[in-house]
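Let me begin by presenting the structure, written as structure tokens, before commenting on it.
The values are calculated or read from the model by the stated rules, or taken from the named source; none is laboratory data. Please read these numbers as outputs of a predicted model, since none were measured by experiment. Neighbour counts run over all protein chains shown; Cβ positions are idealised from the backbone, glycine included. Ligands, DNA and RNA are stripped out before the accessible areas are found, and what is left, the full protein with its side chains, is counted by its heavy atoms. Shrake-Rupley method; radii C 1.70, N 1.55, O 1.52, S 1.80 Å.
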Amino acid sequence: MSTSIIRGKYVICEAGVESQASRVISDGAVFQRDGIIEAVGAYAEIKAVHHADEELGGPSYVVIPGLVNAHHHGRGVSTFQNGCIDDCLETWILSGWGRRPYDHYLMSLYTAIQMIESGTTTTMYNHAQTPAKGLADDVSEVLRGFSAAGMRTAFSVYFRSRNRVVYKDDDQFMSGLPSDLAGSLRHFLSAVDLSEDEYFSVFQDLHRKYANDHDSRVTVLLSPSNVQWVSDDFLLRTKEEASRTNSAIHIHLAESLYQKEYGVRTWGHSPVEHLDTLGFLGPEVSCAHSVWLTEQDIDIMARTGATACHNPSSNLRLKNGISPVNSMLGKGVNVALGTDSTAINDDDDMVQEMRLAAKLHRQPGMSNPALDSHQTLRLATANAARPTSFQGKIGAIEKGRFADLVLLDLDAMTEPYTDPGINVVDTLLYRGKASHVDTVIIQGEVVVRGGTFIKMDKAEVLREIREQFSRPIEEQALEAQKLAQGLTPFVKEFYKDWGKTDVLPYYGYNSRI
């Protein structure tokens, strides 16, 4: 049996228990046995009672719960590195079609290492739909990569079957294209077709594999990609399957103003209202982005217990705006934090993502709300744990939970001087960097020691990826890039009369009047 004591000058047991307050133990320690926390308390008391195989940390460290990335697509080598410059979401998606084929194992391994090195121990990974013939193999390789890194994974494959180029029926859109372009597009879309039965078969196989393993680092979720990309029947079938298997659901929702307008044009109300009329929303549902919400939408999410997965970097980079996080928190919506694989540093650094969120949601004026450090850390820990199906097992440091812990170098954060009266959570959010992460523990296993990932040679992983990408660009990637370039003017033309309605922003940063 493996045991360890993890010590810190501060142990942040649970963030944001109240606004501007977290549960913190000074000169504290955690005792874990075989990946489960057995005791948390003052270091002197833990040391006197428990004899451990190893002692980690010390009085120059701060211990926090492992961070949880609540929305991620595991791209490894980023979209930017693959030649996709940030753009409006609806045209940026097209540019991603020309991404080069890659090794799913290596790419998942690399992205997991990056996340772990910045203190992320769990990710909600949403895998892109691939053809039925190879999907099961792709999924196996992705999960093998996360497993090799030691990362905890809430895994889903998203399903998309309609309105895949613009928010209009695929055949109707193709009927207005030049015949050669329409033919190329039809061939491209047919190559990634997946039936509903095939989708649910893949989910059921994965669910059977992992559901009964209580020590597994994998949970399996269902994922309709978004309301405009699936049918109502698929949404209802998903809800039924989630109920039958006691599984969670992850969906993109109201990411862009065009998606909000699609709801108004199609149903006469917002996408959130549409899901509510279907009885789809509930505490098992998490909604990535949730940017273009109405007050009624927020009320619905609060009433149904759905989670909003906030991705501030992605929303800024893809011109989607700022999610109304302060309003959601004010009404009791569970808000979680994620990077969407498009973090501001292009490297899935959750410490930086927390800082961006904390600074972004500071509305001007003394009486307006501002996201404080304690709330922000909670978005990336306890709140983010809820939609993963690991709720109650991660997100806080307490007896009975998995020993997912991160030690950061407090001396480096406070160098050369920091007022001793400053709260340690504020210090983390104002000064912390991924480079301050010294040790990462997942289920009792040390995966980063002295700031270095130790489960395998990261340099060798990078060398293999570099070698693969040094080969000539594949013909299929060149063809997809050509197709995307040809389609882009038609996509822009389609949306030319969209997004022109008056909007009242939740946050007013300045005024030109």
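Here are some notes:
- The helix-based estimate of mean residue ellipticity at 222 nm for the chain, built from -39,500 (n - 2.57) per DSSP H run of four or more residues and divided by its residue count, is -11500 deg cm²/dmol to the nearest 500.
- Between Asp347 and Val264, the simple label model (points 7 Å from Cα in the Cβ direction) yields a spacing of 4.1 nm.
- Alpha carbon centroid spacing (whole Å) that separates the stretch 408-480 from the stretch 317-337: 26
- Here's the list of lysines a cross-link from Lys209 could span, going by alpha-carbon distance under 25 Å and ignoring same-chain residues fewer than 8 apart: Lys133, Lys239, Lys393, Lys455.
- GluC sites (Glu not before Pro) restricted to the stretch 447-513 and DSSP loop, no more than 13 other C-beta within 10 Å: Glu474
- Per-residue HN-Hα couplings for the stretch 67-81 [Karplus 6.51, -1.76, 1.60; θ = phi - 60°; Hz; x = Gly/Pro]: 6, 10, 8, 7, 6, 7, 10, x, 7, x, 6, 5, 4, 4, 5
- Put Ser2, Ser26 in order of accessible area, highest first, and with a 1.4 Å probe you get Ser26, Ser2.
- Helix 196-210 axis versus longest C-alpha principal axis of the chain: approximately 10°, rounded to the nearest ten.
- Protection proxy ranking, highest mean first, for peptides 143-152, 263-272: 143-152, 263-272, where packing is the per-residue count of other beta-carbon atoms within 10 Å, averaged.
- Restricting the stretch 248-331 to GluC sites (Glu not before Pro) that sit in a DSSP loop and have at most 10 other Cβ atoms within 10 Å of their own Cβ leaves nothing.
- DSSP-loop trypsin sites (Lys or Arg not before Pro) across the stretch 273-366, with at most 15 other Cβ within 10 angstrom: Lys319, Lys331
- When each of the peptides 374-383, 182-191, 414-423, 7-16 is scored by the mean number of other C-beta atoms lying within 10 Å of its residues, the order from highest to lowest reads 374-383, 7-16, 182-191, 414-423.
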